[in-house]
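Peer 1: This is the structure I want to talk about, given as structure tokens.
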Number of protein chains: 2
Amino acid sequence: MAAAPVWSVDPRTGKRREQVAVEATAEEVDTAVRAAHAVRGALADRAVRSAFLRSAAAGLDAARDGLVETADAETALGPVRLTGELARTCYQLRAFADIVDEGAFLDVVIDHPDAGATPPVPDLRRHKVPLGVVAVYSASNFPFAFSVAGGDTASALAAGCPVVVKAHPDHPALSELVAKVLRRAAAAHVIPADVVGLVHGFEAGVELIGHPLVAAAGFTGSVRGGRALFDAAAARPVPIPFHGELGSLNPVLVTEAAAAERAEEIGAGLAGSMTLGVGQFCVKPGLVLVPSGAGGDRLLKSLTDAVSDTDAGVLLDHRMRDDFLAGVRERAALADVESPVTPGAGGEHTVSAGFFTVPADRLTEEGAYGVLLEECFGPVTVVARYTDEEQATAVLSRLPGNLTASVQLSSREAAGQGRGADLLAALTPLAGRVVVNAWPTGVAVAPAQHHGGPYPATTSTSTSVGGTAIERWLRPVTYQNTPTALLPRELLDDNPLGLPRRFNGVLER
Amino acid sequence: MAAAPVWSVDPRTGKRREQVAVEATAEEVDTAVRAAHAVRGALADRAVRSAFLRSAAAGLDAARDGLVETADAETALGPVRLTGELARTCYQLRAFADIVDEGAFLDVVIDHPDAGATPPVPDLRRHKVPLGVVAVYSASNFPFAFSVAGGDTASALAAGCPVVVKAHPDHPALSELVAKVLRRAAAAHVIPADVVGLVHGFEAGVELIGHPLVAAAGFTGSVRGGRALFDAAAARPVPIPFHGELGSLNPVLVTEAAAAERAEEIGAGLAGSMTLGVGQFCVKPGLVLVPSGAGGDRLLKSLTDAVSDTDAGVLLDHRMRDDFLAGVRERAALADVESPVTPGAGGEHTVSAGFFTVPADRLTEEGAYGVLLEECFGPVTVVARYTDEEQATAVLSRLPGNLTASVQLSSREAAGQGRGADLLAALTPLAGRVVVNAWPTGVAVAPAQHHGGPYPATTSTSTSVGGTAIERWLRPVTYQNTPTALLPRELLDDNPLGLPRRFNGVLER
């Protein structure tokens, strides 16, 4: 049987650009994983690791023009967005290099013996070690930031774990280019290139999650695909952690007072957020609770104007376009659902943005309206009009887990006069990030970031963006009664590496 | 259908002591979980939570004599061990109260806005919030420390999560008594007693893991039972974290130089560790690599003498006794397996300790000898005689994951002259705790403790003993652009609660 070709496709035309590679066979996946596993020791030294991450960032920076051109040809996301995304990706690699140098992620804890404790405490010294080879499943919608050199790869390498990346079929040519940059950066630090593997093909992704030497996985994609891989990870003879980001509705609640105060600003802001990147962000606001009455009407007018003015756009691939068109058709067919701006096909290869409205009480019914509480990828959102706050919170209580939950408050509510704190408390169980008077799109790379949330937002309690993403690829090991001569340097009393730690119960920084 | 009775049984006689309760129906499990969920807000205040934990410890201390008597009647573990285990349990509750007060577990991270970052960083403030109702599955072998008021319960309550405990059938009467103490301690702080639920019965345990309002689970028990519950947790419509401790062989490597230097001490120490608590510790050394030759022979002589002198003991229940006898019969039947002291039935209700020897090269064969690499609960261990270090490390490389891995080194090796560091590096991938010149039994409650390891030791990378056990029951939430008036007090710039945190990138302690 001939190997299946992997084509780079132009989503603006649906035409094949070039054959990039062939799909990896089970044997090739095995080879990639074994190669990565064999060289894991090359990442043991933290100074080497951080230098490698910085070289990777520099390499991507240097290759910017060609990378952006290829990325645009395969994703149609446009050079401006892609240049920004690449800069973010480089920033992220450097941020993880800093995290590696600081070493707080090692979570060093040292306890001297205490014969008086119950039971007695021997000499115990704990730090964290890398899990092993990490499988990274690239996302369609972030060809740089959540793909070959994205957050999963950066955090795994920072943790000391080699990676084998499963390329996304929407940008195979870019994946090859980025992998080459990473492998060259490794070589510059005498790290074998096999610390970064790359495979193509659906079946290769399935093989990867089942490989005995794969120790953990990171995934960004759909609920269906992510759940299948999560299930496979859990069903292994030796189950492994699966950190998947699957799907999110990202509800927004607009209070009556906020609508009265800033209807036009909120409507325009919502239009910008839901159509950004042709609605292909995992944190796109997909359900917006807007009060009935004059303020809400003004908000809708502003939203209608702004969405009407939005150009048609190209989605990442034609399957997504088909899914988008099917999704909006299904929603439009529901009774009491209206579309002030009808989302749908633009030209032959584009889609046009739009939104639906529905009375909020429909969303607390069992049955067909449930689809309105599911993510629809693309430039569309659902505006649910509520008559009182109780109705709005009843809708919120029916939502599955989310990456984000947002609220638009009036200045009085934001100042603590009114129900602002109660609303924040109602939103907190729904999501991993709660946003006030801003839009959820735009996920900053920062220590305090959390990009995760109750299932199906993510399959674990971890984050895939921000400094703490490194925690996913580590496990603690404690050394008991171990002579100083044999201890890892991280665990020595005199702290020669200057690590933040907990020493005999006291936090030291 | 009449409710199934739950009997308290005396393992010394196999006779029923009394009917303690009835097995919970699905409806009763639902009621317990809903009740716990409904009162979760009562644990929101950290000061109340830590006071509750201290009162629980005081309540257990005060009830000590009756608790130990009941525990001994149901488990035959003896008053000395049980008194110590209860003290450990109280110490653990108080340690978690201190952890709650300190607040480092909240992992507070605050980033002020930075318009110059790529992409720009808005105001972001992260801390951790409780997951919700935690299901706790009690262990047979630690009626106090890993049961109703054990580490899972203590850490979950410390995290702010109500618990519903599934009692172990080996100590239902004690479970009821301990639950009463906890519920009384809650009431003393005006916390509704339903923050601690208790259910009995196998089916109740299955119902519990599937309940939509159960947010996470902790388990200590067998590979078979634990894996079934892990699979059920992963198969839920909304999967939940399952922190299970399932099984561990706890290998020990004795170097030739160590045997030459301390053969008698090591043999006697091994005998003590493997027979402690009638071999019913999850960290019992179950495989010991001993060099062939004179030093190893002396070690075996010492082991033989000490194990021969060990009294027969009562196991926790008669099913365990049956399993132990079947397990030792299966191992004894293998060719080349000898038993210098034959383990087996003692009296009608007891078992006698023993051990097997086998040439180490047998353990690198496929097939029947694999059983020697599986845990056998009870007072038995396997001594594998190796002819060179390569053979010993070949055996180690075949082992599944472990809670502990130990090495006995000579004084020269311990001083860093020789292969000590290499051996530690070879043991580290095998386990969550590496022990040098000591025995793995005895798990101190301390910040640096790690009680977990690669599967099947545990089903996650977390620990069930020590301060970081609290991390299992929390998830991060980030507040973005949130007005000061609406922020949780934990996230205010001026740090009114005095929490350790990361503030604009800098660790503050």
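The values are calculated or read from the model by the stated rules, or taken from the named source; none is laboratory data. Since we're looking at a predicted model, the values are computed, not measured. Here the Cβ positions follow ideal geometry from the backbone for every residue, glycine too, while neighbour counts run over all protein chains shown. SASA here: full protein model, heavy atoms, side chains in, ligands and nucleic acids out. Shrake-Rupley method; radii C 1.70, N 1.55, O 1.52, S 1.80 Å.
Peer 1: Yes or no: B:Ser410 in contact with a helix residue (DSSP H, G or I) (Cβ under 6 Å, 6 or more places away or on another chain), among the small types (Gly, Ala, Ser) and either more than 8 Å from chain A (Cβ to nearest Cβ) or closer than 25 Å to B:Leu270 by Cα (or both)? Before the answer, list the steps.
Peer 2: Numbers: in contact with a helix residue (DSSP H, G or I) (Cβ under 6 Å, 6 or more places away or on another chain): yes; among the small types (Gly, Ala, Ser): yes; either more than 8 Å from chain A (Cβ to nearest Cβ) or closer than 25 Å to B:Leu270 by Cα (or both): yes.
Yes.
Peer 1: Which of the residues spanning region A:352-389 are free of Cβ contacts under 8 Å to residues at least 40 places away in the same chain, within 20 Å of A:Val341 (Cα to Cα) and among the hydrophobic types (A, V, I, L, M, F, W, C)?
Peer 2: A:Phe356, A:Val358
Peer 1: Could I ask something else about it? A:Pro79 is checked against (1) in contact (Cβ under 8 Å) with a residue 12 or more places away in the chain; (2) more than 11 Å from chain B (Cβ to nearest Cβ) and fails just one. What number does that condition carry?
Peer 2: Condition (1) is where A:Pro79 drops out.
Peer 1: Residues to consider are B:Gly467, B:Gly432, B:Gly452; find the one that is over 30 Å from A:Gly420 (Cα atoms) and in the same structural domain as B:Val163 (by TED's automatic domain parsing). Full working, then the answer.
Peer 2: On the way: B:Gly432 fails: in the same structural domain as B:Val163 (by TED's automatic domain parsing); B:Gly452 fails: in the same structural domain as B:Val163 (by TED's automatic domain parsing).
Sole residue among the options that is over 30 Å from A:Gly420 (Cα atoms) and in the same structural domain as B:Val163 (by TED's automatic domain parsing): B:Gly467.
Peer 1: Another question about this same structure. Going by what's in this entry, would A:Arg88 be described as of a type in the set (D, E, K, R), assigned to a helix (DSSP H, G or I) and at the interface with another protein chain (Cβ under 8 Å from one of its Cβ atoms)? Before the answer, list the steps.
Peer 2: On the way: of a type in the set (D, E, K, R): yes; assigned to a helix (DSSP H, G or I): yes; at the interface with another protein chain (Cβ under 8 Å from one of its Cβ atoms): yes.
The answer is yes for A:Arg88.
Peer 1: Another one. Which one of B:Gly269, B:Gly277 is in contact with a Phe, Trp or Tyr (Cβ under 7 Å, 6 or more places away or on another chain), within 19 Å of B:Pro440 (Cα to Cα), open to solvent by less than 40 Å² (accessible area, probe 1.4 Å) and of a type outside the set (D, E, K, R)?
Peer 2: Matching residue, one of B:Gly269, B:Gly277: B:Gly269.
Peer 1: Considering only region B:425-475, how many residues are in contact with a His (Cβ under 6 Å, 6 or more places away or on another chain) and not hydroxyl-bearing (Ser, Thr, Tyr)? Spell out how you get there, then give the answer.
Peer 2: Residues of region B:425-475 that are in contact with a His (Cβ under 6 Å, 6 or more places away or on another chain), as a first pass: B:432-433, B:443, B:460, B:462-465, B:472.
Now narrow it down to the ones that are not hydroxyl-bearing (Ser, Thr, Tyr): B:432-433, B:443, B:465, B:472.
The number of residues fulfilling the criteria is 5.
Peer 1: Return the total of residues in region B:476-500 being over 17 Å from A:Thr404 (Cα atoms) and either more than 7 Å from every other protein chain (Cβ to nearest Cβ) or touching a residue at least 12 places away in the same chain (Cβ under 8 Å) (or both).
Peer 2: 14
Peer 1: Could you list, in sequence order, the residues of region B:451-465 that are of a type outside the set (A, V, I, L, M) and either surrounded by fewer than 24 Cβ atoms within 10 Å (Cβ to Cβ) or assigned to a loop (DSSP other than H, G, I, E, B) (or both)?
Peer 2: First pass over region B:451-465, keeping only residues of a type outside the set (A, V, I, L, M): B:451-456, B:458-464.
Once the filter is applied, which keeps residues that are of a type outside the set (A, V, I, L, M) and either surrounded by fewer than 24 Cβ atoms within 10 Å (Cβ to Cβ) or assigned to a loop (DSSP other than H, G, I, E, B) (or both), region B:451-465 yields B:His451, B:Gly452, B:Gly453, B:Pro454, B:Tyr455, B:Pro456, B:Thr459, B:Ser460, B:Thr461, B:Ser462, B:Thr463, B:Ser464.
Peer 1: Taking the conditions exactly as written (modelled with pLDDT of 95 or more, within 22 Å of A:Val371 (Cβ to Cβ) and open to solvent by less than 30 Å² (accessible area, probe 1.4 Å)), does A:Thr255 satisfy them or not?
Peer 2: Spelling it out, it is not the case that A:Thr255 is modelled with pLDDT of 95 or more, within 22 Å of A:Val371 (Cβ to Cβ) and open to solvent by less than 30 Å² (accessible area, probe 1.4 Å).
Peer 1: Could you list all residues from region B:230-244 that are of a type outside the set (Gly, Ala, Ser) and not in a strand (DSSP E or B)? Step through it out loud before you land on a result.
Peer 2: Taking region B:230-244 first, the residues of a type outside the set (Gly, Ala, Ser) are B:230-231, B:236-243.
Hits for region B:230-244 are B:Phe230, B:Asp231, B:Arg236, B:Pro237, B:Val238, B:Pro239, B:Ile240, B:Pro241.
Peer 1: Right, here's the next one. Considering every residue within region A:151-159, establish whether at least one is closer than 26 Å to A:Ala71 by Cβ, within 12 Å of chain B (Cβ to nearest Cβ) and touching an Asp or Glu at 6+ places or on another chain (Cβ under 9 Å).
Peer 2: Pass one, region A:151-159, residues closer than 26 Å to A:Ala71 by Cβ: A:151-158.
In the following step, the residues that additionally are within 12 Å of chain B (Cβ to nearest Cβ) were identified as none.
So far as region A:151-159 goes, no, none of its residues is closer than 26 Å to A:Ala71 by Cβ, within 12 Å of chain B (Cβ to nearest Cβ) and touching an Asp or Glu at 6+ places or on another chain (Cβ under 9 Å).
Peer 1: Which numbered condition in (1) surrounded by 18 or more Cβ atoms within 10 Å (Cβ to Cβ); (2) within 23 Å of B:Thr387 (Cβ to Cβ) is the only one that B:Glu375 fails?
Peer 2: (2)
Peer 1: Tell me yes or no: at least one residue of region A:27-41 is among the charged types (D, E, K, R) and within 14 Å of another protein chain (Cβ to nearest Cβ). Step through it out loud before you land on a result.
Peer 2: Within region A:27-41, the subset among the charged types (D, E, K, R) is A:27-28, A:30, A:34, A:40.
Checking which are within 14 Å of another protein chain (Cβ to nearest Cβ) leaves us with A:40.
Yes: region A:27-41 contains one or more residues that are among the charged types (D, E, K, R) and within 14 Å of another protein chain (Cβ to nearest Cβ).
Peer 1: When the residues of region B:1-37 are filtered to those that are hydroxyl-bearing (Ser, Thr, Tyr) and open to solvent by less than 60 Å² (accessible area, probe 1.4 Å), which remaining residue is nearest to B:Gly201 (Cα to Cα)?
Peer 2: B:Thr25
Peer 1: Over 34 Å from the mean Cα position of the chain (by Cα) and buried (at least 19 other Cβ atoms within 10 Å of the Cβ): does that describe B:Leu486? Explain how you work it out, then say what you get.
Peer 2: Numbers: over 34 Å from the mean Cα position of the chain (by Cα): yes; buried (at least 19 other Cβ atoms within 10 Å of the Cβ): yes.
Judged against the criteria, B:Leu486 is a match.
Peer 1: Does B:Val214 qualify as being open to solvent by less than 10 Å² (accessible area, probe 1.4 Å) and closer than 22 Å to A:Tyr455 by Cα? Break it down stepwise before answering.
Peer 2: Working: open to solvent by less than 10 Å² (accessible area, probe 1.4 Å): yes; closer than 22 Å to A:Tyr455 by Cα: yes.
Answer is yes for this residue.
Peer 1: B:Leu423: more than 7 Å from chain A (Cβ to nearest Cβ), without any contact (Cβ under 8 Å) to a residue 12 or more places away in the chain and aliphatic (A, V, I, L, M), yes or no? Give the steps one after another, and end with the answer.
Peer 2: Values: more than 7 Å from chain A (Cβ to nearest Cβ): yes; without any contact (Cβ under 8 Å) to a residue 12 or more places away in the chain: no; aliphatic (A, V, I, L, M): yes.
Considered against the rule, which asks whether it is more than 7 Å from chain A (Cβ to nearest Cβ), without any contact (Cβ under 8 Å) to a residue 12 or more places away in the chain and aliphatic (A, V, I, L, M), B:Leu423 comes out as no.
Peer 1: I would also like to ask the following. Mind listing whichever residues of region A:234-274 are more than 30 Å from B:Ala457 (Cα to Cα), within 26 Å of the chain's Cα centre (by Cα) and of a type in the set (A, V, I, L, M, F, W, C)?
Peer 2: Result: A:Leu249, A:Val252, A:Leu253, A:Val254, A:Ile266, A:Ala268, A:Leu270, A:Ala271, A:Met274.
Peer 1: Also, quick follow-up: For region A:407-441, which positions are of a type in the set (A, V, I, L, M, F, W, C), open to solvent by 50 Å² or more (accessible area, probe 1.4 Å) and more than 13 Å from B:Pro483 (Cα to Cα)?
Peer 2: If the condition is that a residue be of a type in the set (A, V, I, L, M, F, W, C), open to solvent by 50 Å² or more (accessible area, probe 1.4 Å) and more than 13 Å from B:Pro483 (Cα to Cα), then A:Ala425 is the only one that fits.
Here's the yes/no breakdown for (1) of a type in the set (Gly, Ala, Ser); (2) in contact (Cβ under 8 Å) with a residue 12 or more places away in the chain; (3) within 13 Å of A:Cys161 (Cα to Cα):
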| position | (1), (2), (3) |
| --- | --- |
| A:Asp30 | no, yes, no |
| A:Ala38 | yes, yes, yes |
| A:Ala51 | yes, yes, no |
| A:Asp61 | no, yes, no |
| A:Val68 | no, yes, no |
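Peer 1: Give region B:100-120 a look and list any residue that's more than 10 Å from chain A (Cβ to nearest Cβ) and out of contact with any Asp or Glu (no Cβ under 9 Å at 6 or more places or on another chain), or say none.
Peer 2: Residues of region B:100-120 that are more than 10 Å from chain A (Cβ to nearest Cβ), as a first pass: B:100-101, B:103, B:105-106, B:115-116.
Those that are more than 10 Å from chain A (Cβ to nearest Cβ) and out of contact with any Asp or Glu (no Cβ under 9 Å at 6 or more places or on another chain): B:Val100, B:Asp101, B:Ala115, B:Gly116.
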